[in-house]
Structure formats: structure tokens, C-alpha cells
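What follows is a single structure, written as C-alpha cells, with notes after it.
Each value in this text was obtained by applying a stated rule to the coordinates, not by laboratory testing. From a predicted model like this one, the values you see are computed outputs, not experimental measurements. No Cβ is skipped: glycine too gets one built from the backbone with ideal geometry, and neighbour counts run over all protein chains shown.
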Amino acid sequence: MSGNIDTVDAAVDEAAPPILASREEALAAVERLREGIAARAEQTERDRMVPEETIRELTDAGLFGIVTPRLWGGSELGFATLLEVQTAIASACASTGWVYGVLAGHTWLVALFSEEAQAEVFADARARIASLIRFGGQPPERVEGGFRWRGGSGRFCSGIDHSQWVLLGGTVTEDDGTSEQWYMLVPASELEIIDDWHSVGLKGTGSKSIVIKDAFIPEHRAVRFADLGSGRAPGSELHPGGLYRLAYDSVWPLSLVGAVVGAARGALAEFIAATSRRLASLSSLQQASNGPALVRLAKAAAQLDAMTGLLLNDARVADSAPEGTVFSPLDRAQRSRNLAFAAQQLRAAVNELYESAGGSGVYLSAPLQRWWRDVNTAASHVAFTWDLASVAYGRAVTGVNAVAGTGTGPAVRA
């Protein structure tokens, strides 16, 4: 099934969302929505997309603007607050938390584009932006005034049904034969959705495939990956402070990992509730024999607390980086290591809880199985691949370059 994306959502009020003054205000706003989000979790899975009602509530609460620049009516509260808000949402519904993080985090990325591109996107204060960082099919070509993209395609475009713009990554080959990666902003109306999101977990993210048949992307709506990765993106000069001068590859997964944390939190809460009910019906002797379940519970809670602290520390370091900060390759490798390690630790914690649930956990009516499926799906994202992140960190800390047998010596912090 396929269809064209309608960029005009008549159900959405056009009033600008509120600006949230603080972390506390943002967390209070999401707390007011959690019960409704949780109540719609089954519908979200069944529909394979986040309900429009939920998207509207999150928009009306100003929560999509947490890392949107103040210049464009955003709250500019930083990645630590984004992580906490996403965690709270995902603890009610992991699919909703994932889509929220994707769409909210991309406002930060758009703020790295040219002023003209930012003005186009943020002219609609309620605009939402999806993304495919590696868009396959035919690559874009340079033409007069910009780029022409014919026949591009890609999978996993989370939240596309609710987006007015899409960020697409592609490689451009110049006339001299050299090639370079670019990130381009394309109106969602110029793309086609392929309704193929039938997944094991995160069923409600609507992470469908998209196709671009023929689109012109003007020069001002494109930025080099090299500039995004160096903190020298054209839009950074518009915004004071260091938040919009960070290298994108070292911070953008912070807008995703809260879905893993929140789903693990939801799983733990469900396991505690189920275990409490079960133990309450047993004799003292029978309760004593259930000690291993309590050991797993305690271990999972400790893992959740530890990984949350690790991730929040990295987010706060990024948020507080003064203008001009350049994170070293080791700093960036360590942040990627921490993201992958946290996601895999939380995946392991939930897997242990699920193992302890026994036969009752295999029913689709059992709440724990949804958390288990969602955590394992979220932790499968490439940004959380431990095999990649651990090797990259090992190379950075030992000074081993990508070419075997060469090196610069171990990395040492002053």
C-alpha cells in the first residue's frame, strides 16, 4: 500500500505552541499527558502509528520545542531535558516515546542549516521533521542552483505520517569525481510513503519506507555532513551559546536513547506490580522460594538507575559546553560508547525480567511482553550497536587508526 503525504493537517490548531521556561515545566507538562498516552498504547500498536490525538497533545504542550532555538519560538532547554521528557513518554508507550524523540530532536538538526532553510521550516511553529540519514536508491545529482534527486528510497522513516519535512542523507559526486555526503531538507509532500512497517517491536512508530521520484533541492536546503560533524554548520552562527555548535554525530542519538530508558522503566514497573500481586497470594514459605525473582528485580533497578545517570551526565556535559568547545575524538567515541552500553545494559535487564515472568509472559495480553519487544527493537538501532561503538572507543583510547598497524599513541586527557 502506498500513498502521497498530505502536509496539511486540518485537525491541528495553527496556534503557536507555548514556550517552556524550565526543565521542571517540561516534566510537569508531560506528566499531565502520560495517562492518556498509556491508555492509547494498544491503539498505537494496532494502528502501527502514533494517534493524531497524541501528536496534537504533545504539540499543544510545547514539548516538541525543547531543543528548538529560542529565535524560532522554541524552549531551547537542551538534550538533558529532552532525554528526561522522552523517558517519561516512553515509560507510558515506547512507540510514542521513540517518535517523540525523533521529531523533537530534528528541530535541533534543522537549526544547523542555513538561515533561509530554518526560516522556511520554522515559519510553521508546529512543523515536524522526520529523517533518513542514509537514503538509498539513486543518489542526488548537483544541478544549477542546488540538487536533483530522482529515484531515492529508504526504510525506517519514523514518524513520517506526522511530518511536514524530511531530512535525507545522500552522497553527491562532483564533476571532478570526488564525492561528499550531504544532508538535505525536502518537503514531505514531494515524497511517497510505502506502508510496510510490520515489525516485532515499536510497532506504533510508523517507521515506513519512503520514495523520492523527482525533487529539486535548492542549495540553501543542503548542508555537508563534514560541517555538521565539525560544529561549523552554517546555521550555528544564528544561535548564541554552544548548543548549536556541537558535532551532530556525537549528540543526536541522545534524542533516541530515552525511548530505551523509558521502555525499561515501564518494564520494571510492570514486573514490580506483577510480582507484588503474585507474592501477596503466597505463604511465607512460598514467598521465600521466590527470592531469585527479587534478585533480578533489584539488579534491573540498579542497571536502570546507573544507565540513566550515565546518559544524563553526557547530555548535561553537551548542554553546558561553552561556545567554542571542540570535543576530541576520544570524547565523541566515549559518548557513543556510553549510548550503546546503556542501551544494551537496559536490553539485558529487561530480558532477565522477561525470563523470570515464566509462561504467563508469552501471552500477547501480558503487558510485559510489549515492553520486552519494544526494548529489544529500540536497542537494535545502529547508534546503539555495541560491536561498533566499543571498537571505535578502543581505537580512540589506544590511538590505533583505522589502518592496521598505524597509530598515534594512546589518547590522554589533560
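Odds and ends about this structure:
- Size of charge dipole - the chain - debye, nearest 20, with Cβ of Lys, Arg +1 and Asp, Glu -1, no other charges: 1660 debye
- Shape category assigned to the range 122-260 from the gyration tensor of Cα positions, a/c cut at 1.5: oblate
- For Gly137, residues with placed amide H under 5 Å, excluding near neighbours: Ser153
- Descending semi-axes in whole angstrom, ellipsoid equivalent of the range 256-398, from the Cα gyration tensor: 35, 15, 13
- Placing a label point 7 Å from the Cα of Gln181 along the Cα-to-Cβ direction, the residues of the range 223-239 whose backbone N falls under 11 Å from that point are 225-229.
- Once the C-beta distance of Ile19 and Ala280 is scaled by a Förster radius of 51 Å, the resulting FRET efficiency is 0.65 to the nearest 0.05.
- Footprinting exposure proxy ranking of Ser328, Ser380, fewest other C-beta atoms within 10 angstrom first, gives Ser328, Ser380.
- Taking other C-beta atoms within 10 Å as the exposure proxy, Lys299, Lys208 rank Lys299, Lys208 from fewest upward.
- Share of pairwise Cα separations in the chain, more than 39 Å, in percent: 19 percent
- Euclidean distance of C-alpha centroids, the range 350-371 and the range 192-239, integer Å: 35 Å
- FRET efficiency estimate (nearest 0.05) - Cβ-Cβ, Asp214 to Ala28, R0 60 angstrom: 0.85
- Two-site FRET efficiency, Thr325 against Ala288, from Cβ-Cβ distance with R₀ of 60 Å, rounded to 0.05: 0.65
- Residue order for Asp249, Asp176, fewest other beta carbons within 10 angstrom first, comes to Asp176, Asp249.
- Only Cα pairs under 8 Å and 6+ residues apart enter the sum, and on that basis the relative contact order of the chain stands at 17 percent.
- Projecting label points 7 angstrom from Cα along Cα→Cβ for Asp249 and Asp195 puts them 3.8 nm apart.
- Counting only whole DSSP H helices of the chain, the ones at least 20 Å long by C-alpha along their axis and with mean Kyte-Doolittle hydropathy no lower than 0.0 are 94-110, 257-280, 291-319.
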